[in-house]
Every structure is written in C-alpha cells, then in structure tokens.
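J.: Quick one: structure below, then a few questions.
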Amino acid sequence: MINEINYEKFLRINNRQLSYKGIFRADDIFSTVNRALEEKDYTKREKKSEETVTETGKRIYVELRPYRVITNYLTLMIKIKITLDNVTESPVEHKSEKRIYQQGDVLIAFDGWVLSNYHNRWGMKPWFYFLKGLMNKFVYKNPLEAETGGKLAQDTAYIYAKIKGLLNSYQGELGKPRMEEEIKKQVEKELKKDIKKEKNELKKLIKD
C-alpha cells in the first residue's frame, strides 16, 4: 500500500467525465471497473464509499484510488469518482430477459496522477532533489519518466472505454464490432493532447 504523503504528485488528467442516464446494473459497473484495473495491473484501493436515500431515490458515491507501480520511485494513480444518483429499481426486459435493473444518472470522473519518490531512489539530499527537478524541466528527462504521461493516458482510456461499452450495451449499442476499441483510441488521443498542452503551458509559465 502506497502512502501518498511521501510522494510528489503531478496531475496529468483533470476531471475527465463520463455521464449516462438510463437503465444499468450497479454491480456490472463496479465489476467492469475492477476487471479493467486488474487487466492493467493496478492495485485496487477504495478511498470512500457512501449511500444516502433522497426523495428521488438512492445516491451512491464511491471513490477509488487504484495505483500501478512502475519503478521504486514512479507510480501511476487514477482517481475514479463514481456517482449514481436518483437511483430506483424495477424489473426490465432487456435482451429478451427480465431482470432487476437500476435506473438513474451515472457520472464517473477520472483524475490521473504521476507520483514520484526520488528520496527512496537515491536517498537524495534536499539540494540534489531540487537539482533533479531542474534537470527534468530544462535539460534531460529519463525516457521512462517521459513515458509516464502516455502510459497514464492509455490506462485511463482503457478503463473509460470498458465502462462506456458497458453503458452503451444497456441501450443496444454494443453490437458495433469495434466500438469499444474506437472509444479507447479517441479518448487516449484526447488525453494525450491535454497532457501535452498542460506541459507546454507549464514551460511557457516557467520561461515567463
């Protein structure tokens, strides 16, 4: 289990959202997320879980912070906030089968973080840690470190596409052969573009 306090954190994906309204099965959503995380070698970690009852139905909120260790000093973490709102239950005939489904609003938000812990790598003195930061920004970045943003975008896009494919299936849209793969490629492209834009803005800010 990682301790985030010991890491320097860099936000690379900021509040990428997936929304849906209609029928669904909550257990399907959570099992799809867990399976996708396992397939991408993430260690599952639940940060918060709560359920409340309102006049319009149940509200379920779950926050996950799974992480994937790349090296002893580099870790990827995806914060996944799942909100199921106005949830009611009723039997629905879906794909010629009558089952109990939930109906309501689904909102899933993704934040992607790169965590670094160079103190554990070389036992850096404060001045050396500072120098390493300057080297990364202005001179040279280790290829493995440079690739972390791309890996994070790929993993997030994979999980996003798995959930999107599941939600589409409730509305009969999963029949398109390459739909899930197309979603993943599109989201990955957008996330990488956002990460690149953020880096360019940071460089411009430093120069100014």
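J.: If you scan segment 1-33, which residues turn out to be assigned to a helix (DSSP H, G or I) and either at pLDDT below 90 or charged (D, E, K, R) (or both)? Please lay out each step first, then the result.
T.: Narrowing segment 1-33 to residues assigned to a helix (DSSP H, G or I): 4-6, 26-33.
Within segment 1-33, Glu4, Ile5, Asn6, Asp27, Asp28 qualify.
J.: Separate question: Only one residue in Glu50, Glu38, Glu46 is closer than 21 Å to Ser169 by Cβ and among the acidic types (Asp, Glu), so which one is that?
T.: On the way: Glu50 fails: closer than 21 Å to Ser169 by Cβ; Glu46 fails: closer than 21 Å to Ser169 by Cβ.
Unique residue meeting the criteria: Glu38.
J.: From the list Lys189, Lys185, Lys164, which one is over 17 Å from Tyr42 (Cβ atoms), at pLDDT 80 or above, crowded, with 19+ Cβ neighbours inside 10 Å and basic (Lys, Arg)?
T.: Values: Lys189 fails: crowded, with 19+ Cβ neighbours inside 10 Å; Lys185 fails: crowded, with 19+ Cβ neighbours inside 10 Å.
Every option except Lys164 fails the conditions.
For every residue, the table says whether it meets (1) modelled with pLDDT of 80 or more; (2) over 16 Å from Asn15 (Cβ atoms); (3) not basic (Lys, Arg).
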residue: Lys132; (1), (2), (3): no, yes, no
residue: Asn136; (1), (2), (3): no, yes, yes
residue: Leu144; (1), (2), (3): no, yes, yes
residue: Thr148; (1), (2), (3): yes, yes, yes
residue: Leu152; (1), (2), (3): yes, no, yes
residue: Thr156; (1), (2), (3): yes, no, yes
residue: Tyr170; (1), (2), (3): yes, yes, yes
residue: Lys193; (1), (2), (3): no, no, no
residue: Glu198; (1), (2), (3): no, no, yes
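J.: Glu39 - would you say it is among the acidic types (Asp, Glu) and in contact with a helix residue (DSSP H, G or I) (Cβ under 8 Å, 6 or more places away or on another chain)?
T.: On the way: among the acidic types (Asp, Glu): yes; in contact with a helix residue (DSSP H, G or I) (Cβ under 8 Å, 6 or more places away or on another chain): yes.
Yes: the conditions hold for Glu39.
J.: Report, by residue number, each residue of segment 73-98 that is farther than 17 Å from Lys58 by Cα, surrounded by 14 or more Cβ atoms within 10 Å (Cβ to Cβ) and not aliphatic (A, V, I, L, M).
T.: Those that are farther than 17 Å from Lys58 by Cα, surrounded by 14 or more Cβ atoms within 10 Å (Cβ to Cβ) and not aliphatic (A, V, I, L, M): Tyr73, Thr75, Lys79, His94.
J.: Are there any pairs, at least 6 apart or on different chains, whose C-beta atoms fall under 6 Å, with the first in segment 53-76 and touching a residue at least 24 places away in the same chain (Cβ under 8 Å) and closer than 11 Å to Trp113 by Cβ and the second assigned to a strand (DSSP E or B) and polar (S, T, N, Q), and if so, which?
T.: Tyr67/Thr43; Tyr67/Thr75
J.: What do you reckon, is Asn34 free of Cβ contacts under 8 Å to residues at least 12 places away in the same chain and at negative phi? Outline the logic, then answer.
T.: Working: free of Cβ contacts under 8 Å to residues at least 12 places away in the same chain: yes; at negative phi: yes.
Spelling it out, Asn34 is indeed free of Cβ contacts under 8 Å to residues at least 12 places away in the same chain and at negative phi.
J.: Looking at the structure I just gave you, is Tyr42 surrounded by 16 or more Cβ atoms within 10 Å (Cβ to Cβ), within 20 Å of Tyr158 (Cα to Cα) and touching a Pro at 6+ places or on another chain (Cβ under 7 Å)? Give the steps one after another, and end with the answer.
T.: Values: surrounded by 16 or more Cβ atoms within 10 Å (Cβ to Cβ): yes; within 20 Å of Tyr158 (Cα to Cα): yes; touching a Pro at 6+ places or on another chain (Cβ under 7 Å): yes.
Answer is yes for this residue.
J.: Determine if segment 45-54 includes at least one residue that is in contact with a helix residue (DSSP H, G or I) (Cβ under 8 Å, 6 or more places away or on another chain) and of a type in the set (Lys, Arg).
T.: No, segment 45-54 contains no residue that is in contact with a helix residue (DSSP H, G or I) (Cβ under 8 Å, 6 or more places away or on another chain) and of a type in the set (Lys, Arg).
J.: How many residues are out of contact with any Asp or Glu (no Cβ under 7 Å at 6 or more places or on another chain) and either at pLDDT 95 or above or in a strand (DSSP E or B) (or both) when one looks only at segment 47-61? Even if it seems obvious, please write down each step before you answer.
T.: Pass one, segment 47-61, residues out of contact with any Asp or Glu (no Cβ under 7 Å at 6 or more places or on another chain): 49-57.
Filter once more, so that each one left must be either at pLDDT 95 or above or in a strand (DSSP E or B) (or both): 49-54, 57.
Summing the residues that are out of contact with any Asp or Glu (no Cβ under 7 Å at 6 or more places or on another chain) and either at pLDDT 95 or above or in a strand (DSSP E or B) (or both) in segment 47-61 gives 7.
J.: Kindly evaluate Lys21 against the criterion of being in contact with an Asp or Glu (Cβ under 6 Å, 6 or more places away or on another chain) and surrounded by fewer than 16 Cβ atoms within 10 Å (Cβ to Cβ). Explain how you work it out, then say what you get.
T.: On the way: in contact with an Asp or Glu (Cβ under 6 Å, 6 or more places away or on another chain): yes; surrounded by fewer than 16 Cβ atoms within 10 Å (Cβ to Cβ): yes.
It is true that Lys21 is in contact with an Asp or Glu (Cβ under 6 Å, 6 or more places away or on another chain) and surrounded by fewer than 16 Cβ atoms within 10 Å (Cβ to Cβ).
J.: Next question, about the same structure. Any idea which residue in segment 69-105 is farthest from Gln171 (Cα to Cα), counting only those that are at pLDDT 95 or above and among the basic types (Lys, Arg)?
T.: Looking at residues that are at pLDDT 95 or above and among the basic types (Lys, Arg), I get Lys79.
J.: Can you find, within segment 1-18, the residue that is surrounded by the most Cβ atoms within 10 Å (Cβ to Cβ) among those that are among the charged types (D, E, K, R) and farther than 15 Å from Leu64 by Cβ? Lay out the reasoning, then the answer.
T.: First, pick out the residues of segment 1-18 that are among the charged types (D, E, K, R): 4, 8-9, 12, 16.
With farther than 15 Å from Leu64 by Cβ added as a condition, the list becomes 8-9, 12.
On the way: Glu8: 12, Lys9: 13, Arg12: 22.
My answer is Arg12.
The values are calculated or read from the model by the stated rules, or taken from the named source; none is laboratory data. Note that the structure is predicted; figures quoted are calculated from it, not measured. Ideal geometry is used to build each Cβ from the backbone, glycine not excepted, and the neighbour counts take in all protein chains shown.
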